[in-house]
Amino acid sequence: MQQLEFHLRGEFIELCNLLKLSGVCDSGGAGKALVAEGVVSVDGQVELRKTAKIRAGQVVSAGDVQIRVLA
């Protein structure tokens, strides 16, 4: 499993934007499609909200990629 770290600049980032900015997908639209397919989980729970607010300390998984969100 590929492990990535994403350093948060504000209070939160929307899930679809996190997937785009961390390089998991090419665009926000592709990120929204991944979320809609049910292949993205946040802290071990499947997340279907495309614009879910992801905050520091959370872990997002998509396929074989795991993103740890840091402050």
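Within the chain, antiparallel bridges make up roughly 65 percent of the DSSP beta bridges whose residues both belong there. Using 1/(1 + (r/R0)^6) with R0 = 22 angstrom and r between the beta carbons of ASP64 and ARG9, what's the FRET efficiency to the nearest 0.05? It comes to 0.25. Per-peptide packing, taken as the mean over residues of other Cβ atoms within 10 Å, places 14-22, 39-47 in the sequence 14-22, 39-47 from highest down.
In percent, rounded to a whole number, the relative contact order of the chain is 41, using alpha-carbon pairs under 8 Å and six or more apart. You can think of it this way: the chain between ALA71 and ALA33 has 11.0 nm of extra reach, that is 0.36 nm per residue less the Cα-Cα gap.
Against the set (1) 25; (2) 21; (3) 13, the structure's computed percent of Cα pairs over 20 Å apart falls on (3).
Each reported figure results from applying straightforward, stated rules to the coordinates on display, with no laboratory input. This one's a predicted model, so the numbers in the text were calculated from it and none came from an experiment. Reconstructed Cβ throughout: ideal geometry from the backbone, glycine too, with neighbour counts over all protein chains shown.
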